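Enquirer: Structure incoming, see below.
Every read-out reported here was derived from the displayed coordinates using simple, explicitly stated rules and does not represent laboratory data. Predicted, not measured: the structure shown is a model, and the values here were computed from it. Because the Cβ atoms are built from the backbone with ideal geometry, glycine has one as well, and the counts that use them run over all protein chains shown.
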Amino acid sequence: MNFDIIFFTALISFFIVVASYDYFEFKTGVPTFPTMPAVPAVRRRMIEILKNDMETRKIKSHSIIDLGSGSGQLLWHIAKAMPKVRVVGVELSYIPWLRSVMRQRLFGPANLRYERLDFWPYDVSGFDAVITYLPGKIMERVGEKLNKELKPGTMVIANGFPLQAGWQPYETMTVRVPFKMKMFVYAKS
Ligand SMILES: C[S@@+](CC[C@H](N)C(=O)[O-])C[C@H]1O[C@@H](n2cnc3c(N)ncnc32)[C@H](O)[C@@H]1O
């Protein structure tokens, strides 16, 4: 193939990818940045907390949702570590969602599913645990949504930014990654 065609195809693809990320960041007000996939400390701690919760509450068919799952790396590790749990990622932005789906199709695991959806109208009442890594400016609205929909006892892990709208964490952890990253753990009252 002609070098010029390859070059222009690569250039156009690059601009489409960048435009798509920018469009969805503009639409949701949230950029796609992952929970430090290169630093396992955060996800290891998160998996530990989720497993403890599952054992403590003796839930038979546990389910976890990540609101805004980005490219899906965090959830992929969680689903692999907890194969009996139903794990769902909801993401609006096409390219990160597509990356998640491709990784899941190629490498599993079977208990993991990604939906390309807006999480605001998505009913989360059927889940036993919710994970977020969303910026502070939308955490009031996220808190209100979870207040309305979650059943008592549901665990919420807010990574980086605390829930607002009256939520009080029962545990706040600082994980060094090497900078300090906070995790807030809640149970719906
Ligand atoms: C900071 S990333 C977090 C990714 C992942 N949860 C993690 O911890 O690695 C937040 C993601 O939320 C998505 N998002 C924001 N608002 C959304 C909405 N209303 N519906 C679905 N996804 C949304 C953004 O597109 C972005 O990819």
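Enquirer: With +1 on the Cβ of every Lys and Arg and -1 on the Cβ of every Asp and Glu, and nothing else charged, how large is the dipole of the stretch 50-151 about its Cα centre, in debye rounded to the nearest 20? Show your work: numbers first, answer last.
Expert: Values: 17 positive and 11 negative charges, 77 e Å.
Dipole magnitude for the stretch 50-151 comes out near 380 debye.
Enquirer: What do you get for chymotrypsin sites (Phe, Trp or Tyr not before Pro) in the stretch 141-189 restricted to DSSP loop and a cutoff of at most 12 other Cβ within 10 Å of the site's Cβ? If you can, show how the numbers build up before the last one.
Expert: Details: sites: Trp167, Tyr170, Phe179, Phe184, Tyr186; in loops: Trp167, Tyr170, Phe179.
Here the chymotrypsin sites (Phe, Trp or Tyr not before Pro) that fit, given the DSSP loop and packing criteria, are Tyr170, Phe179.
Enquirer: Could I ask something else about it? For Ser20 and Phe179 in the same chain, what is the full-extension length gain: residue separation times 0.36 nm, less their Cα-Cα distance, in nm?
Expert: Working: separation 159, 0.36 × 159 = 57.24 nm, distance 3.01 nm.
Extra length available between Ser20 and Phe179 comes to 54.2 nm.
Enquirer: Right, next: As an exercise, use a Förster radius of 45 Å and the Cβ-Cβ distance of Ile12 and Ala41 to find the FRET efficiency, rounded to the nearest 0.05. Mind showing how you got there, number by number?
Expert: Values: r = 39 Å, r/R0 = 0.87.
So the FRET efficiency works out to roughly 0.70.
Enquirer: Report the FRET efficiency, 1/(1 + (r/R0)^6), for Ser189 and Leu117, where r is their Cβ-Cβ distance and R0 is 22 Å, rounded to 0.05. Before the final figure, lay out the partial values.
Expert: Numbers: r = 27 Å, r/R0 = 1.24.
Here the calculated transfer efficiency is 0.20.
Enquirer: Can you put Ser61, Ser69, Ser100 in order of Cβ neighbours within 10 angstrom, beginning with the fewest? Numbers along the way, then the final one.
Expert: On the way: Ser61 8, Ser69 30, Ser100 25.
Listing Ser61, Ser69, Ser100 from fewest to most nearby Cβ atoms yields Ser61, Ser100, Ser69.
Enquirer: May I ask for the Rg/Rh ratio of the chain, computed from Cα atoms with Rh as the Kirkwood radius, given to two decimals?
Expert: On the way: Rg = 17.6 Å, Rh = 17.4 Å.
Result: Rg/Rh = 1.01.
Enquirer: Now for a separate question. Give the whole-number value, in cubic angstrom per residue, of the convex hull volume spanned by the C-alpha atoms of the stretch 79-153. Mind showing how you got there, number by number?
Expert: Values: hull volume 7.9 nm³, N = 75.
Each residue corresponds to 105 Å³ of Cα convex hull volume.
Enquirer: Further question on the same structure: Using Cβ contacts closer than 10 Å as the measure, can you line up Lys60, Lys148 from fewest to most?
Expert: Values: Lys60 6, Lys148 11.
Ranked by crowding around the Cβ, least crowded first: Lys60, Lys148.
Enquirer: Still on this model: Per the Cauchy relation, a quarter of the hull surface: what is the mean projected area of the convex hull of the alpha carbons in the stretch 34-99, in nm²?
Expert: Details: hull surface 17.7 nm².
Its average projected convex-hull area is 4.4 nm².
Enquirer: Could you give the dipole magnitude of the stretch 1-65 about its Cα centre, charging the beta-carbon of Lys and Arg +1 and that of Asp and Glu -1, in debye to the nearest 20?
Expert: Working: 8 positive and 6 negative charges, 122 e Å.
Taking the Cα centre of the stretch 1-65 as origin, the dipole is about 580 debye.
Enquirer: To continue, here is another question. Cross-link list Lys151/Lys182; Lys60/Lys80; Lys58/Lys84; Lys137/Lys182: which exceed 20 angstrom alpha carbon to alpha carbon? Working shown, then result.
Expert: Numbers: Lys151/Lys182 25 Å; Lys60/Lys80 18 Å; Lys58/Lys84 13 Å; Lys137/Lys182 16 Å.
Where the Cα-Cα span goes over 20 Å, the pairs concerned are Lys151/Lys182.
Enquirer: Using helices alone, I'd like the mean residue ellipticity at 222 nm for the chain: each DSSP H run of four-plus residues gives -39500 (n - 2.57), total over residue count, nearest 500.
Expert: Details: 5 runs with 78 residues, N = 189.
Calculated at 222 nm, the ellipticity per residue is -13500 deg cm²/dmol.
Enquirer: In terms of Cα to Cα distance under 13 Å, which aspartates and glutamates are near enough to Lys148, apart from those fewer than 8 places away along the same chain?
Expert: Correct list for Lys148: Asp123, Glu140.
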